[in-house]
Amino acid sequence: MRLDVVTIFPEYLDPLNVSLVGKARASGRLDVQVHDLREWTYDRHNTVDDTPYGGGPGMVMKTGPWGDALDSALADGYERGFGRPALIVPTPSGRPFTQELAVELSERPWLIFAPARYEGIDRRVVDEYATRMPVYEVSIGDYVLAGGEAAVLVVTEAVARLLPGVLGNAESHRDDSFAPGAMANLLEGPVYTKPPLWRGRDIPDVLLSGHHGKIARWRRDQALTRTSAHRPDLIERCAPAAFDKKDREMLSILGWAPDPEGAAHGRFWRRPPAVEE
Ligand code: 6GU
């Protein structure tokens, strides 16, 4: 897979040389090209932004440098035969970046990232490239960053670990909390390793029992408990078929009940509010 990143802060992408993504690059599974947007400016001050039409606060990134930078990255990738590119535009107004989207992007041969600073990029840039290739405007969560570079790192790491041969163990993805098509998208529970006693804290007995069935059940109950506490929205959306009898017992203990009315709207479970004494 080829990744291009066009940015005014190339050094912000230095972490792409480290760890899993760095190894994927070193092994040739990932070709990363970081480009300095200011190389496509022709004035003394290397201007990449200007005031917004219609007024208002902040600055908007100019069409010219983006168009020239993207054309240059595209020409290089086409010349080297990378196939069909997709443009990724990180923005807080994008669609949520999910594991499902990470899987979709990991199946593409070539991703071009256009992270913005300031109030964003002149809309005509996205509209122009959308006539030539798929464009994904993505947000990594409900908070506002000063620029899209950190989101590029997030998306790249989520995608790179899905590439064939990047994570040693092919089984690793199937267990991911948000793996598409998983029986139920539950958060993973706690994990432990040696030593068996640390600062007076021991390991749950069941994990030392050697009883694989009981261990699997305990892990499942921990996942249900954690998901119920941190992401009740994930429980609400689980179809009844996602849960076995023991799951439903645990959900009942956690205060969950089937919601026959909600089922029409994709809310299969509800937790009646606790009654105060
Ligand atoms: Cl992708 N960019 C910015 N600037 N802020 C964000 C974001 C992206 N996702 C969440 N907040």
### Single residue of the stretch 238-255 satisfying the filter (more than 9 Å from residue 224 (Cβ to Cβ) and not in a helix (DSSP H, G or I)) that is nearest to the chain's Cα centre (by Cα)
238
### Task
Give the residues of the stretch 99-132 that are open to solvent by less than 40 Å² (accessible area, probe 1.4 Å) and touching a Lys or Arg at 6+ places or on another chain (Cβ under 7 Å), sorted by residue number.
110, 122
### Summary
Of the residues in the stretch 29-82, those that are under 28 Å from the mean Cα position of the chain (by Cα) and part of a strand (DSSP E or B) come to 31, 32, 33, 34, 35, 36, 60, 61
### Query
Just one of the numbered conditions (1) assigned to a loop (DSSP other than H, G, I, E, B); (2) within 22 Å of the chain's Cα centre (by Cα) is not true of residue 267; which one?
(2)
### Query
Residues of the stretch 205-228 being among the hydroxyl-bearing types (Ser, Thr, Tyr) and loosely packed, with under 13 Cβ neighbours inside 10 Å, which ones?
209
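Looking at 157, 236, 188 in this structure, which one is under 27 Å from residue 17 (Cβ atoms), at pLDDT 95 or above and acidic (Asp, Glu)?
Working: 236 fails: under 27 Å from residue 17 (Cβ atoms); 188 fails: under 27 Å from residue 17 (Cβ atoms).
None of the others qualify; the one that does is 157.
What residue, among those in the stretch 135-164 that are out of contact with any strand residue (DSSP E or B) (no Cβ under 9 Å at 6 or more places or on another chain), open to solvent by 50 Å² or more (accessible area, probe 1.4 Å) and assigned to a loop (DSSP other than H, G, I, E, B), is nearest to the ligand (Cβ to nearest atom)? Working first, answer last.
Keep residues of the stretch 135-164 that are out of contact with any strand residue (DSSP E or B) (no Cβ under 9 Å at 6 or more places or on another chain), which gives 146, 153, 157-158, 161-164.
Applying the additional criterion that residues be open to solvent by 50 Å² or more (accessible area, probe 1.4 Å) yields 146, 157, 161, 164.
Add one more test, that the residue is assigned to a loop (DSSP other than H, G, I, E, B), and what stays is 146, 161, 164.
Details: 146: 7, 161: 19, 164: 27 Å.
Going through the qualifying residues, I end up with 146.
Residues of the stretch 1-46 being of a type in the set (Val, Ile, Thr), closer than 17 Å to residue 114 by Cα and open to solvent by less than 50 Å² (accessible area, probe 1.4 Å), which ones?
Pass one, the stretch 1-46, residues of a type in the set (Val, Ile, Thr): 5-8, 18, 21, 32, 34, 41.
Checking the rest, the ones that are also closer than 17 Å to residue 114 by Cα come to 5-8, 32, 34, 41.
Correct list: 5, 6, 7, 8, 32, 41.
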### Summary
For residue 191, the lone unmet condition from (1) open to solvent by 30 Å² or more (accessible area, probe 1.4 Å); (2) assigned to a helix (DSSP H, G or I); (3) among the hydrophobic types (A, V, I, L, M, F, W, C) is (2)
### Query
Hey, any hits in the stretch 149-162 for a residue that's of a type in the set (Gly, Ala, Ser), over 19 Å from residue 4 (Cβ atoms) and under 13 Å from the mean Cα position of the chain (by Cα)?
no
### Query
Quick check, is residue 96 over 13 Å from residue 121 (Cβ atoms) and in contact (Cβ under 8 Å) with a residue 60 or more places away in the chain?
no
### Query
Which residues, taken from the stretch 229-253, are surrounded by 13 or more Cβ atoms within 10 Å (Cβ to Cβ), in contact (Cβ under 8 Å) with a residue 24 or more places away in the chain and of a type outside the set (Phe, Trp, Tyr)?
231, 232, 234, 235, 236, 237, 238, 242, 247, 250, 251
### Message
Would you confirm, using the coordinates I've provided, whether residue 78 is at pLDDT below 95 and either over 25 Å from residue 186 (Cβ atoms) or not hydroxyl-bearing (Ser, Thr, Tyr) (or both)?
### Response
no
### Query
If you scan the stretch 112-134, which residues turn out to be within 14 Å of the ligand (Cβ to nearest atom) and at negative phi?
113, 114, 115, 116, 117, 119, 121, 126
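Inspect all residues belonging to the stretch 86-98 and state whether any of them is away from the ligand (no atom under 16 Å from the Cβ) and either crowded, with 16+ Cβ neighbours inside 10 Å or at pLDDT 95 or above (or both). Give the derivation first.
Initial filter on the stretch 86-98 (away from the ligand (no atom under 16 Å from the Cβ)): none.
No; the residues of the stretch 86-98 include none that is away from the ligand (no atom under 16 Å from the Cβ) and either crowded, with 16+ Cβ neighbours inside 10 Å or at pLDDT 95 or above (or both).
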### Message
Checking the condition over 14 Å from residue 124 (Cβ atoms), without any contact (Cβ under 8 Å) to a residue 40 or more places away in the chain, of a type in the set (Gly, Ala, Ser) and in contact with a Phe, Trp or Tyr (Cβ under 9 Å, 6 or more places away or on another chain), which residue from 77, 83 passes?
### Response
83
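The values are calculated or read from the model by the stated rules, or taken from the named source; none is laboratory data. No experiment lies behind these values; they were computed from the predicted model shown. Here the Cβ is made from the backbone with ideal geometry for all residues, glycine too, and neighbour counts use every protein chain on show. Ligands, DNA and RNA are excluded from the accessible area calculation, which covers all protein heavy atoms including side chains. Shrake-Rupley method; radii C 1.70, N 1.55, O 1.52, S 1.80 Å.
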